[in-house]
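This report concerns only the one structure given below.
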Amino acid sequence: MRFSTGTPASAPDIAEMVARRAVGYSLEAPFYTSEEVYDLDLDVIFGKHWLFACTEAELAEPGDYVTLDVGRHSIIIVRDDDGNVRSLRNVCRHRGSRILENPCGSVGNLVCPYHQWTYRTDGSLIFAEGQPPSFDRQRFGLKSVSVRTVAGLVLVCLSDEPPTDIDEVAAVIEPYLAPYRLQDAKVAHQIDLIEGGNWKLVMENNRECQHCDVGHPELLSAYFAFGLYAEGDDRPRMRAVLERYRAAEARLQSACAATSIPLGGHRELDGRPTGYQISHLPLDGAGISFGAAGAQLSRRLMGQIAVPQFGDMSLHLQPNSWFHMLSDHAVVFRAVPVAPDKTLVRTTWLVNADAVEGVDYDIDSLTAVWSATNDQDRAFVEMAQRGASDPGYEPGPFAAIEGDVEAFDNWYIERLREHLGLNEAHQALLTQASGQ
Ligand code: FES
Ligand code: FE
């Protein structure tokens, strides 16, 4: 099989690369390095799918806003005066100026800084100086962008025809998330990190924990050490881990049953536009949170969670987010591409709205594990980007433990295939032509 390298002399033939993509292998270099693929990703993936934008906790009061820049698009997500979450184009209807430049903040109205056209937080225009009496303000409200909330998570879609399977996905995940009451939570801390790697390398890295054993000593202390475990492994060390795990699992099951939270998980990471996975696993040690040896980090539990030992509810949403919900806090991750080899990763720590900093939690302890883990992951992603950019790179095979990485790549290729109109017959022709 011939692969394109990380340093193509000319634009890659994306359709050909999509058609000859080898299942079970990482992607060819231009998927991680080329401007053309990056532009296509912005258009097909980030322009047509539901993107995780922020949590409702970031929009606690009317006028609170978050801006989200995706390629050339800029979106305002704002809580309007009636308490609804709105998503609006950050483009003034006068002569097009950006209205809000900050990543987040709070406004009374949305006032364009150029000539002060003024919009309500629902996007309707209320002031435009110098227009004639015949001017119809109703025609010049800010354009809206599709938005929906799912148990406190705010998703937006730039397409006029957003994927409709979001309703199905929301119906599955809402009962898992609802008891955490993310819409009522408080933002304890937020960090933006630029990782020097393509957004898909960021997502692939997140979707596996094969690197955790050596890469994330802080994070690993909270989880059961199954990284090197094989079915039937009877070493005394593994037997002890297994026994602890079974006891913790039984505790978690009875806690879920007591609070009517669904047991088990769902995994549909590919095969649908809104790929997702939700799982609920017990934690090791004290079994509560990401503190040392599983210790609790915030004294007040989230929402309606009744017991501290409530494991890790983990959610993955394609294309750009992942979440960890613990009994005492939640950690929320959003990845947004900013260049072919740069990705903005925003991490947000949420706690119970009544939790008081310095009394119930402190920021350094709350954020220690994921700050360290993020930095370790950034280094992994940057190494992977350098490798994928090397002419010596060619796609390599996934291990069984990397099933979610493979599912992410499968989902991505499916989306491109659909966009490019590659049916099976067309694909076979392209594969033949490429000499595979
Ligand atoms: Fe916004 Fe003129 S461009 S008021
Ligand atoms: Fe990692």
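The values are calculated or read from the model by the stated rules, or taken from the named source; none is laboratory data. None of the values given here were measured: they were computed from a predicted structure. Every residue, glycine among them, receives a Cβ derived from its backbone with ideal geometry; neighbour counts consider all protein chains shown. For accessibility, only protein heavy atoms count, side chains too; no ligands or nucleic acids. Shrake-Rupley method; radii C 1.70, N 1.55, O 1.52, S 1.80 Å.
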Go through (1) crowded, with 18+ Cβ neighbours inside 10 Å; (2) over 14 Å from LEU297 (Cβ atoms) for TRP370 and report which single condition fails. (2)
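Identify, from the list ASP360, ASP390, the residue that is under 26 Å from LEU177 (Cα atoms), touching a residue at least 24 places away in the same chain (Cβ under 8 Å) and away from ligand 2 (no atom under 16 Å from the Cβ). I'd like the intermediate steps shown before the answer.
On the way: ASP390 fails: under 26 Å from LEU177 (Cα atoms).
Among ASP360, ASP390, only ASP360 is under 26 Å from LEU177 (Cα atoms), touching a residue at least 24 places away in the same chain (Cβ under 8 Å) and away from ligand 2 (no atom under 16 Å from the Cβ).
Pick out the one residue from LEU100, LEU88 that is in contact (Cβ under 8 Å) with a residue 40 or more places away in the chain, under 28 Å from VAL187 (Cα atoms), more than 16 Å from ligand 2 (Cβ to nearest atom) and touching a Ser or Thr at 6+ places or on another chain (Cβ under 7 Å). Spell out how you get there, then give the answer.
Working: LEU100 fails: in contact (Cβ under 8 Å) with a residue 40 or more places away in the chain.
Of LEU100, LEU88, the one residue that is in contact (Cβ under 8 Å) with a residue 40 or more places away in the chain, under 28 Å from VAL187 (Cα atoms), more than 16 Å from ligand 2 (Cβ to nearest atom) and touching a Ser or Thr at 6+ places or on another chain (Cβ under 7 Å) is LEU88.
Is it the case, given these coordinates, that LEU301 is among the aliphatic types (A, V, I, L, M), at pLDDT 90 or above, touching an Asp or Glu at 6+ places or on another chain (Cβ under 9 Å) and closer than 30 Å to SER26 by Cα? Outline the logic, then answer.
Details: among the aliphatic types (A, V, I, L, M): yes; at pLDDT 90 or above: yes; touching an Asp or Glu at 6+ places or on another chain (Cβ under 9 Å): yes; closer than 30 Å to SER26 by Cα: no.
Considered against the rule, which asks whether it is among the aliphatic types (A, V, I, L, M), at pLDDT 90 or above, touching an Asp or Glu at 6+ places or on another chain (Cβ under 9 Å) and closer than 30 Å to SER26 by Cα, LEU301 comes out as no.
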Output the qualifying pairs, or none if there are none: Cβ atoms under 6 angstrom, residues six or more apart or on different chains, first residue in segment 247-258 and surrounded by 15 or more Cβ atoms within 10 Å (Cβ to Cβ), second residue in a helix (DSSP H, G or I) and of a type outside the set (Asp, Glu). none
Restricting attention to segment 127-148, the residues that are out of contact with any Gly (no Cβ under 9 Å at 6 or more places or on another chain), surrounded by fewer than 18 Cβ atoms within 10 Å (Cβ to Cβ) and part of a strand (DSSP E or B) number exactly 3
Can you give me the number of residues within segment 171-197 that are within 16 Å of ligand 2 (Cβ to nearest atom) and surrounded by 23 or more Cβ atoms within 10 Å (Cβ to Cβ)? 2
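Would you be able to say whether some residue in segment 244-260 is of a type in the set (S, T, N, Q) and under 28 Å from SER159 (Cα atoms)? Walk me through how you get there before you give the answer.
The first filter runs over segment 244-260 and keeps only residues of a type in the set (S, T, N, Q), leaving 253-254, 259-260.
Adding the requirement that they be under 28 Å from SER159 (Cα atoms) leaves none.
No, because not a single residue in segment 244-260 is of a type in the set (S, T, N, Q) and under 28 Å from SER159 (Cα atoms).
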So for segment 259-267 (the condition being assigned to a loop (DSSP other than H, G, I, E, B) and closer than 30 Å to GLY396 by Cβ), does at least one residue qualify? yes
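Among the residues of segment 278-288, are any within 30 Å of GLU418 (Cα to Cα), open to solvent by 30 Å² or more (accessible area, probe 1.4 Å) and either of a type in the set (Phe, Trp, Tyr) or more than 16 Å from ligand 1 (Cβ to nearest atom) (or both)? Talk me through it step by step, then tell me what you get.
Filtering segment 278-288 for residues within 30 Å of GLU418 (Cα to Cα) gives 278-279.
Filter again for open to solvent by 30 Å² or more (accessible area, probe 1.4 Å), leaving 279.
Of the ones still in play, those that are also either of a type in the set (Phe, Trp, Tyr) or more than 16 Å from ligand 1 (Cβ to nearest atom) (or both) are 279.
Yes, that holds for at least one residue.
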Among the residues that make up segment 103-126, is at least one of them more than 17 Å from ALA335 (Cα to Cα), of a type in the set (Phe, Trp, Tyr) and surrounded by 20 or more Cβ atoms within 10 Å (Cβ to Cβ)? yes
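Among the residues that make up segment 364-379, is at least one of them over 22 Å from the mean Cα position of the chain (by Cα) and more than 16 Å from ligand 2 (Cβ to nearest atom)?
Scanning segment 364-379 turns up at least one residue that is over 22 Å from the mean Cα position of the chain (by Cα) and more than 16 Å from ligand 2 (Cβ to nearest atom).
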Filter segment 383-403 down to the residues that are under 21 Å from the mean Cα position of the chain (by Cα) and open to solvent by less than 40 Å² (accessible area, probe 1.4 Å), then identify the one that is farthest from ALA295 (Cα to Cα). GLN385
